1. Yes or no: A206 surrounded by fewer than 20 Cβ atoms within 10 Å (Cβ to Cβ) and either at pLDDT 95 or above or not in a strand (DSSP E or B) (or both)?
2. Looking at (1) within 12 Å of the ligand (Cβ to nearest atom); (2) surrounded by fewer than 23 Cβ atoms within 10 Å (Cβ to Cβ), which is the one condition that is false for P158?
3. Out of the residues in the stretch 307-337 that are touching a helix residue (DSSP H, G or I) at 6+ places or on another chain (Cβ under 8 Å), hydrophobic (A, V, I, L, M, F, W, C) and not in a strand (DSSP E or B), which is nearest to R286 (Cα to Cα)?
4. Starting from residues that are farther than 27 Å from V313 by Cβ and not in a loop (DSSP other than H, G, I, E, B), keep the ones in the stretch 110-145 and report whichever is nearest to the ligand (Cβ to nearest atom).
5. So, in the stretch 229-244, of the ones that are small (G, A, S) and part of a helix (DSSP H, G or I), which residue ends up nearest to Q210 (Cα to Cα)?
6. Restricting attention to the stretch 161-186, which residues are farther than 27 Å from P135 by Cβ, of a type outside the set (F, W, Y) and buried (at least 18 other Cβ atoms within 10 Å of the Cβ)?
7. Is it the case that E171 is closer than 30 Å to A211 by Cα, outside any loop (DSSP other than H, G, I, E, B), away from the ligand (no atom under 16 Å from the Cβ) and modelled with pLDDT of 95 or more?
8. Within the stretch 230-252, work out how many residues are farther than 24 Å from A189 by Cβ, away from the ligand (no atom under 11 Å from the Cβ) and in contact with a strand residue (DSSP E or B) (Cβ under 9 Å, 6 or more places away or on another chain).
Amino acid sequence: MNSAERSRSDLRAGELDAQRKDRVGGVHIPVLFQAVLDGLHLGPGGRYIDATVGGGGHAAGILVASSPDGRLLGLDRDPAALNVARARLASFGERVVFVYSSFTHLRESARAHNFVPADGILLDLGLSSLQLADPSRGFAFMSDGPLDMRFDPQSAGPTAADLVNELPAEELTRLLYRYGEERLARRVAEAIVAARPLHTTGELAAAVEQALGGALSSSKGRRRRIHPATRTFQALRIAVNEELVALEAALPQAVEILAPGGRLAVISFHSLEDRIVKRFMRRESRDCICPPEMPVCTCDHKAALRLITRKPVRPTKGETAANPRARSARLRIAERV
Ligand SMILES: C[S@@+](CC[C@H](N)C(=O)[O-])C[C@H]1O[C@@H](n2cnc3c(N)ncnc32)[C@H](O)[C@@H]1O
């Protein structure tokens with residue numbers, strides 16, 4: 001077995017071990033793993049950016065597939081996630097550079113570490129199983145912990161507790177409706193206001209359950225039943241971390257720093273994110289973005305991307321069975337022209 005084959009076989013063994021640990025909440029299984037690696041068109045000598053390095057699962061795959069000398073810049077705004085990635089990817093030595101930063105500063109981080117032009121960029125949005133499994137981070141309604149939900153616990157930004165305890169009911173209603181697509185947002189917001197002050201995830205989950213009758217609700221357009229607090233927790237996490245704003249800021253920067261032929265891969269986990277990615281990629285793949293009623297083009301817009309996936313790549317039933325977190329994942333890929 002040569003060294004590249006050995007790395008691949010180590011990686012597969014590592015993934016199996018990771019999957020075993022994930023069942024007890026200890027590790028993050030990268031979703032759509034092979035589709036991401038294939039879609040990024042990885043090769044030796046390439047410069048790749050994993051803008052959400054998390055547990056380092058995709059990053060390990062990228063480094064193996066770009067052996068022996070491909071390099072990777074791994075960003076995360078969670079210092080704890082970066083420590084996990086550092087430990088997991090230690091064997092790749094100087095081929096990996098880690099940066100504690102939000103991908104809202106993608107261009108700046110890439111320039112500072114000589115990753116421009118980049119041959120591939122990955123954004124695997126949302127939170128990792130590691131963050132979800134740690135009650136002290138406050139992301140989970142299934143375990144009790146402080147209502148925090150910040151990806152970056154060192155940031156000065158508001159916590160989920162600040163939002164639920166301080167926002168007026170009207171604003172809370174809008175937040176839950178907009179970011180959680182919670183149809184009963186007003187009812188939930190009023191229950192939260194009545195239950196103040198809320199300090200823990202358990203208290204918040206109980207308030208939501210009480211408002212929604214404690215029954216499992218079905219998610220939009222599907223028969224799958226979800227916990228009643230799911231949408232409230234999603235909405236608060238998105239608001240606390242300004243996730244949609246960050247995504248909107250990162251996408252144009254990714255296009256700007258990609259080399260011609262370089263690929264951008266984005267995995268989203270809910271329709272709000274996917275809509276932003278879809279619209280951005282569609283718009284950037286058109287030569288003219290004038291309104292249809294314009295008789296002649298006046299926008300001078302030039303396509304910067306070529307769509308590789310017209311429809312998002314979804315996980316197979318097998319992947320979803322092995323890793324329920326993959327259930328709502330959608331992968332979109334585009335290439336810099
Ligand atoms: C789904 S996990 C990524 C998992 C990773 N692909 C793996 O295979 O282990 C998402 C990660 O993105 C990080 N994150 C979320 N928003 C971020 C942002 N604006 N900038 C940088 N990292 C962010 C989270 O802290 C989390 O670690």
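1. Criteria met by A206.
2. With (1) within 12 Å of the ligand (Cβ to nearest atom); (2) surrounded by fewer than 23 Cβ atoms within 10 Å (Cβ to Cβ) applied to P158, the lone miss is (1).
3. The qualifying residue nearest to R286 (Cα to Cα) is I308.
4. My answer is R137.
5. It comes out as A235.
6. Answer for the stretch 161-186, where residues must be farther than 27 Å from P135 by Cβ, of a type outside the set (F, W, Y) and buried (at least 18 other Cβ atoms within 10 Å of the Cβ): just T173.
7. Taking the combined requirement at face value, the residue satisfies it.
8. Residues meeting the conditions: 1.
The values are calculated or read from the model by the stated rules, or taken from the named source; none is laboratory data. This is a predicted model, so every value here is computed, not measured. With ideal geometry, Cβ positions are generated from the backbone for all residues, glycine too; neighbour counts draw on all protein chains shown.
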